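These notes concern the structure reproduced below.
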Amino acid sequence: MTASVTFHVLTLFPEMIREAVSYSILGRAVKAGTIRVNPVNIRDFAVNKHGQVDDAPYGGGAGMVLMAAPVCDAYEYVKKQIQAKSPPVIYLSPQGRVFNQAVARELAGGESTNARAGEIILLCGHYEGIDERIIEEIVTDEISVGDYVLTGGEPAALVLIDAVSRLIPGVLGKEASHQDESFSGAGANLLEYPHYTRPAVFRGREVPEILLSGHHAQIEKWRREQSVERTKSKRPDLL
């Protein structure tokens, strides 16, 4: 099977990416070839024999900055591999547009022409950041997973890979699995309704009777009402 989407991750810690995508649903999807994750070690393109990929910032300041040459060379290596003229390069950055389910659908191929090409390059920053010329030279998009700062871009890249991959046909066991989730389907601005499983009574707490009734239309109505109430209570900003 040919992968629907290949994620090329430019990183200082390829094993961190490789290990994380080897488990559960992502692990099965990678094994089946439904998706492909290709970690590329930026250190392989270091500027000297000491493996240097960072340097002190011009103008002074705390921390180190990823140098332009190793990152851009790593990008050129991937670009040559996939024989793509201008593949999308997403820099995981707190300065980027905020990642949400709509962006995940876009990157999964729902709206983005670049993403439908099947090759996405993710750039993981580290230290104090990256040389601005990298952004000017190769980055096509910047995405933030939230208004906070991480020690590196790898956790953010994994969040993006997970959220996008589960929208790719064949990754989830049931294609309808994500349709009624929070931020998805017809109720895209609603949180998902509550779920219950056996036993019917747990520590005195009973499963709502409607879910045991077998009346599917009434169950759907109840679930819709629960989604609205849950959203009002937990995330009123979505309404």
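The values are calculated or read from the model by the stated rules, or taken from the named source; none is laboratory data. Just so you know, these numbers come straight off a predicted model, no measurement behind them. Note that each Cβ is placed from the backbone with ideal geometry, even for glycine, and that neighbours are counted across all protein chains shown. The area values use the complete protein model at the heavy-atom level, side chains included, leaving out ligands, DNA and RNA. Shrake-Rupley method; radii C 1.70, N 1.55, O 1.52, S 1.80 Å.
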Taking placed amide H atoms and a strict 5 Å upper bound, the residues 5 or more places from L12 or on another chain that come that close are I42
Quick shape check on region 69-173: root eigenvalues a ≥ b ≥ c of the Cα gyration tensor, a/c under 1.5 is rounded, otherwise prolate if a/b tops b/c, else oblate, and it reads oblate
Interchain or sequence-distant (5+) residues whose placed amide H lies within less than 5 Å of the amide H of D54 are M67
Note to self, the chain gives a 222 nm [θ] from helices alone (DSSP H runs n ≥ 4, -39500 (n - 2.57) apiece, / all residues, nearest 500) of -9500 deg cm²/dmol
For region 1-150, the per residue accessible area (1.4 Å probe, Å²) is 54
Diffing region 72-84: the Karplus 3J(HN,Hα) column from phi (6.51, -1.76, 1.60, θ = phi - 60°), in whole Hz with x for Gly and Pro, holds 5, 5, 4, 4, 4, 4, 5, 4, 5, 4, 8, 6, 10
Calc'd 3J(HN,Hα), region 124-129, phi into Karplus 6.51 cos²θ - 1.76 cosθ + 1.60 (θ = phi - 60°), Hz, glycine/Pro = x, comes to 9, x, 7, 6, 7, x
Restricted to the chain, the DSSP antiparallel beta bridge percent, nearest 5, is 20
Whole-Hz Karplus couplings 3J(HN,Hα) for region 93-102, θ = phi - 60° and coefficients 6.51, -1.76, 1.60, Gly and Pro as x, run 8, x, 8, x, 5, 6, 6, 8, 5, 5
Helix 216-234 sits off the longest principal axis of the Cα atoms of the chain, rounded to the nearest 10 on a 0 to 90 degree scale, by 50
V145 neighbourhood, Cβ < 13 Å, K/R = +1, D/E = -1, net charge -3
Residues meeting the amide H criterion for G129 (H placed from the backbone, H to H distance under 5 Å, 5 or more places apart or on another chain) are L66
Mean Cβ-within-10 Å packing, highest first, puts peptides 154-161, 44-51, 58-65 in the order 154-161, 44-51, 58-65
For the chain, the Cα convex hull volume per residue in Å³ comes to 176
Taking a crude spin-label model, label points 7 Å out from Cα along the C-beta direction, the S213 to E132 distance in nm is 6.2
